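Notes for the one structure printed next.
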C-alpha cells in the first residue's frame, strides 16, 4: 500500500520541482524579497497556493478545457510579456542608477504593492498554465485513476518545499548583498532574465499556428 502511494507522490514531486526550480522571473522576485526579509510568508503562501489550485485543476482534467480556447493562451502570453518587459526595464533602470544601495538601504514596500507584484509574476506567467494545467494534466493521465490524487499531492508538495527554501534561504546570501555592487549585478541578472523571457514569449506568440 505504501509503495502504491509513494510512487505517484514521488513522480508528482519530481515533475513539480522540475517545473518551478528553473530560474525565472517569479523565483528572482522571491529571492529579492527574501534578501530584503520583506513579506516573505504571504508571498510564499500565495505562490504555493496558486500552484496548488492549478495542479488540482489539472489533475481534474481542466487542461482539456483550456486547450479548446486557443486565444486564451495567446492573450496570457502577450499580457505576461508586457508585464515582464516593464519589470525588466525597471530592473535595468535600477542597475544603471547612480544610487548605490546596500541591503539596509533598500526602500520598504507595502504589503499591498508586494502582493500585487507577486500576483503579476505568478498569474501573468503563461508557463503557470502550460506547466501546471497542461503538462501536469497530461502526465497525470498516464497514472492509474486511483493514483492521480497522490500524483497531484506530490506536485503540490514540491511548491510548498521550494518556495520557503528560496524565500527564507535567501538569508544565507545576506553578507554578499551588503555590497552595493551585488545589487547592481542582481538587477542586471533580473533585467536579462525578464527581458529575455518577454522576447521569447512575444516570439512564440507571433509564430503562426501549425
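Every number in this text was worked out from the coordinates using simple rules, so none of it is lab data. What you are looking at is a predicted structure, and each value in this text was computed from that prediction instead of being measured. Positions of Cβ are generated from backbone atoms using ideal geometry, with glycine treated the same way; all protein chains shown enter the neighbour counts.
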- May I ask you to order 124-137, 169-182, 38-51 by the average number of other C-beta atoms within 10 Å around their residues, highest value first? 124-137, 38-51, 169-182
- Task: Provide the packing ranking of 26-37, 188-199, i.e. peptides ordered by the mean count of other C-beta atoms within 10 Å per residue, highest first.
- Result: 26-37, 188-199
- Could you give the angle, 0 to 90 degrees to the nearest 10, between helix 70-96's Cα long axis and the longest principal axis of the Cα atoms of the chain? 20
